[in-house]
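**Student:** Supplied in structure tokens, the structure appears directly below.
Read-outs: derived from the displayed coordinates by stated rules, not from any lab. These figures come from a predicted structure and were not determined experimentally. Counting neighbours? That spans all protein chains shown, and the Cβs are built from the backbone with ideal geometry, glycine included.
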Amino acid sequence: MEIIVRKYGGTSLNSIAKIKNIAETTKKSINEGKKIVLVVSAMGKSTDELLKKAKMLSSHPDTRELDLLMSSGEIVSSALMSIALQELGLK
């Protein structure tokens, strides 16, 4: 069976309505028998905002903390997408 990978960037995820739409489109594709893998970026400009805040705190933030901070946006998007998919009966 063919696997379809769909990647959604920040602009595609910058509202709850857009996340719901992606979830509904994904459910439709799955109901058509397709295997879907979703890859999501951080919502909107959230990564830029987090980086800006880190640089307001320090001119040379530690890379470990920056890596953790930068990944948090994707974690939020993944959790919200998962919630939207579960609401539609998908696991």
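**Student:** For Glu2, which of the numbered conditions (1) surrounded by 12 or more Cβ atoms within 10 Å (Cβ to Cβ); (2) farther than 20 Å from Leu68 by Cβ; (3) not aromatic (Phe, Trp, Tyr) fails to hold?
**Tutor:** So the condition that Glu2 fails would be (1).
**Student:** Within the range 36-67, track down each residue that is more than 10 Å from the chain's Cα centre (by Cα) and not in a helix (DSSP H, G or I).
**Tutor:** Hits for the range 36-67 are Ile36, Val37, Lys45, Ser58, Ser59, His60, Pro61, Asp62.
**Student:** Any residue at all in the range 19-27 that's aliphatic (A, V, I, L, M), part of a helix (DSSP H, G or I), over 14 Å from Ser82 (Cα atoms) and in contact with a Ser or Thr (Cβ under 8 Å, 6 or more places away or on another chain)?
**Tutor:** Looking for residues that are aliphatic (A, V, I, L, M), part of a helix (DSSP H, G or I), over 14 Å from Ser82 (Cα atoms) and in contact with a Ser or Thr (Cβ under 8 Å, 6 or more places away or on another chain), one finds none in the range 19-27, hence no.
**Student:** OK, next. Considering Thr47, Thr25, Thr11, which residue is in contact with a strand residue (DSSP E or B) (Cβ under 9 Å, 6 or more places away or on another chain) and not charged (D, E, K, R)?
**Tutor:** That would be Thr25, the only listed residue that is in contact with a strand residue (DSSP E or B) (Cβ under 9 Å, 6 or more places away or on another chain) and not charged (D, E, K, R).
**Student:** Now a separate question. Here are some residues: Met70, Met81. Which one is closer than 23 Å to Ile3 by Cα, in a helix (DSSP H, G or I) and within 16 Å of the chain's Cα centre (by Cα)?
**Tutor:** Just one listed residue meets the conditions, Met81.
**Student:** Take the residues in the range 17-35 that are hydrophobic (A, V, I, L, M, F, W, C), within 24 Å of Ser72 (Cβ to Cβ) and surrounded by 12 or more Cβ atoms within 10 Å (Cβ to Cβ), then tell me which one is nearest to the chain's Cα centre (by Cα).
**Tutor:** Ile19
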